[in-house]
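The values are calculated or read from the model by the stated rules, or taken from the named source; none is laboratory data. If you're wondering where the values come from, they're calculated on a predicted model, not measured in any experiment. Glycine also receives a Cβ, built like all others from the backbone with ideal geometry; neighbour counts cover every protein chain displayed. Each accessible area value is taken on the protein alone, full model and side chains, heavy atoms only, with ligands, DNA and RNA left out. Shrake-Rupley method; radii C 1.70, N 1.55, O 1.52, S 1.80 Å.
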Amino acid sequence: MENKVFNFNLNIDWKLINLISMIDRFDSQWTAIERREGQSLKQLKSIATVRSVGASNRIEGNRMTDEEIDVLLKNIDITKLTDRDSQEVVGYFDVLDLIAESYENINITENNITSLHNSLMKYSTKDEWHKGGYKQHSNAVEASFVDGTRQIIFQTTEAGFATEEAIRQLIDWYNSETEVHTLIKSAAFVYEFLSIHPFQDGNGRLSRLLSTLLLLKNGYKWIQYVSFEHEIESRKPEYYQALRACQAQRPNEDITVWIDFFLNALRNIQTQLMKKLEQSGIETRLSPREKSILTIIQNYAGIKSGEIAERLAIPNPTVKRILSDLHNKRMIEKQGSGRGTVYSIKNQ
């Protein structure tokens, strides 16, 4: 069934309806899970934050690994942010943290979006001339590849009045639209934001931060505990293909392919989150410490007991005792011996 969403066409079929239903069904159970499993979720949120910061920046060509980002974020010293990669990582972390803490008070307005862009670019010395302001020169959507090459995906909205008017129309539509399902509305907003590309740089990163903001504001609070950005990074070719397939038809394009990608990505990370929660002992009577240790091992396969102790601030002898119990329960595996012993989830 063909429908109009903003300036787009969208084919709403039973497959799409079922996908939305599955996402919302999970969401309806989330409050009870969150209330029951606060300690395990705290650890998941910490891991998801590092993954999100790393993945979103790497999509745009950043070279830092999650391990390097984890170290940087634990010891942030803005006087030492001398390289662009570190500057981008800390800027992204600051905005993601702001959204997590204050999303209820961040309305979808021009001022707030430009303010988020300004914060995103806060530490990037090369971006001082344009941060927080709309682009002054035309730009294009480019894909960055591991070999250092770049490929133009799409020519964006012209700088100046055309960009300003396009952003205002998008925001006015989003804030006045009451009939379109919030998931479709959020996905369409992100798509149009990327298509306009309103800022000189940082549009891709800001679009993913806006995705999290929109989802949180619409009640999808579980998004904080799993990395949407990591999912996109792992499906980067598909991500760009979905954008290109729709943007090639502008204006008045059909965005069914993009909506399908966006919602499938959300459903996939929901499934991942449930597996993590189950493996962390959500359905068992494990202690909070046991659940936290399982969560750490799941996300850092091959980790040593001393590293677990350091991450969780638990004495190493206590960690070793719990690891022994979990191993006896056949919930984890260990390889090596002595100081070289490492742990992973059973059957990982």
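Converting phi to 3J(HN,Hα) with the Karplus coefficients 6.51, -1.76 and 1.60 and the offset θ = phi - 60°, region 163-174 yields 5, 4, 5, 5, 5, 5, 5, 5, 5, 4, 4, 4 Hz in sequence order, with x at every glycine or proline. Sequence-ordered 3J(HN,Hα) estimates for region 116-133 from the Karplus curve with 6.51, -1.76 and 1.60 and θ = phi - 60° stand at 5, 5, 4, 5, 4, 9, 3, 9, 7, 4, 6, 10, 4, 6, 10, 4, x, x Hz, glycine and proline given as x. Assign one of three labels to region 129-183, namely rounded, prolate or oblate, based on the Cα gyration tensor with a ≥ b ≥ c the square roots of its eigenvalues; rounded applies when a/c is under 1.5, prolate when it is not and a/b is larger than b/c, and oblate otherwise. Oblate, because a/c is 1.5 or more while a/b does not exceed b/c. Of all lysines in the structure, the ones whose alpha carbon falls short of 16 Å from that of K334, not counting any fewer than 8 places away in one chain, are K304, K320, K346.
Note on K276: aspartates and glutamates with a C-alpha under 14 Å away, same-chain residues under 8 apart excluded, are E34, E37, E290.
For region 204-272, the per residue solvent-accessible surface stands at 30 Å², with DNA, RNA and ligands left out and a 1.4 Å probe.
Close amide H pairs (under 5 Å, H built 1.01 Å from N) link F154 with V141, residues at least 5 positions away or on another chain. With both labels modelled 7 Å from their Cα along Cα-to-Cβ, the R25 to H137 distance reads 5.1 nm.
Within 10 Å, count the other beta carbons around each residue, average over each peptide in 132-138, 67-73, 27-33, and list them highest first.
Working: 132-138: 15.3, 67-73: 17.1, 27-33: 13.6.
Highest-to-lowest ranking by the protection proxy: 67-73, 132-138, 27-33.
Sorted from largest to smallest, which semi-axis lengths in Å does the alpha carbon gyration tensor of region 193-286 give for its equivalent ellipsoid, taking the root of 5 times each eigenvalue?
In descending order the semi-axes read 30, 15, 12 Å.
Of the heavy-atom accessible surface of the chain (probe 1.4 angstrom), what whole percent is carbon and sulfur?
Numbers: 7730 of 16390 Å².
With neighbouring chains kept in place, the figure for the chain is 47 percent.
With contacts taken as Cα pairs under 8 Å and at least 6 residues apart, region 59-127 reaches a relative contact order of 38 percent. Between R36 and N264, the simple label model (points 7 Å from Cα in the Cβ direction) yields a spacing of 3.1 nm. Here the chain has an Rg and Dmax of 21.4, 66 Å, counting Cα atoms alone.
Relative contact order for the chain: what percent, with Cα pairs under 8 Å and sequence separation of 6 or more?
Values: 427 pairs, mean separation 70.5, N = 348.
With pairs under 8 Å counted, the relative contact order is 20 percent.
Between A313 and T82, what FRET efficiency follows from the Cβ-Cβ distance if R0 is 30 Å, with the result rounded to 0.05? The calculated FRET efficiency here is 0.50.
Computed from backbone phi, the HN-Hα couplings of region 294-306 come to 4, 4, 4, 5, 4, 8, 9, 4, x, 7, 9, 4, x Hz, rounded to whole numbers (Karplus: 6.51 cos²θ - 1.76 cosθ + 1.60, θ = phi - 60°; Gly and Pro given as x). Compared with the alpha-carbon gap, the fully stretched path from N112 to T149 is longer by 10.0 nm at 0.36 nm per residue. Which shape class applies to region 2-139: rounded if a/c is under 1.5, otherwise prolate when a/b exceeds b/c and oblate if not, where a ≥ b ≥ c are the square roots of the Cα gyration tensor eigenvalues? Because a/c hits 1.5 or more and a/b fails to exceed b/c, region 2-139 counts as oblate. Can you give the helix-only mean residue ellipticity at 222 nm for the chain, where every DSSP H stretch with n ≥ 4 adds -39500 (n - 2.57) and the sum goes over all residues, rounded to the nearest 500 deg cm²/dmol? After summing the helix terms and dividing by residue count, I get -19500 deg cm²/dmol.
Starting from region 248-348, pick out the GluC sites (Glu not before Pro) whose DSSP state is loop and whose Cβ has at most 13 other Cβ atoms within 10 Å. Write out the running numbers ahead of the final one.
Values: sites: E253, E278, E283, E290, E307, E310, E333; in loops: E253, E283.
Of the GluC sites (Glu not before Pro), the ones in loops of region 248-348 whose Cβ has at most 13 other Cβ atoms within 10 Å are E283.
Centroid-to-centroid, using Cα positions, region 322-339 and region 167-215 are 46 Å apart.
Computed from Cα atoms, the angle from the helix 38-59 axis to the main principal axis of the chain rounds to 50 degrees. In this label model, K74 and R235 are separated by 3.2 nm, measuring between points 7 Å along each Cα→Cβ vector.
Tell me whether region 224-348 comes out rounded, prolate or oblate; compute the Cα gyration tensor, take square roots of the eigenvalues as a ≥ b ≥ c, and use a/c under 1.5 as the rounded threshold. Write down the numbers at each step before the final one.
Details: a/c = 3.60, a/b = 2.81, b/c = 1.28.
Here region 224-348 falls in the prolate category.
Taking the alpha-carbon distance from K126 and a cut-off under 27 Å, which lysines remain once sequence neighbours fewer than 8 residues away in the same chain are dropped? Correct list for K126: K74, K80, K135, K236.
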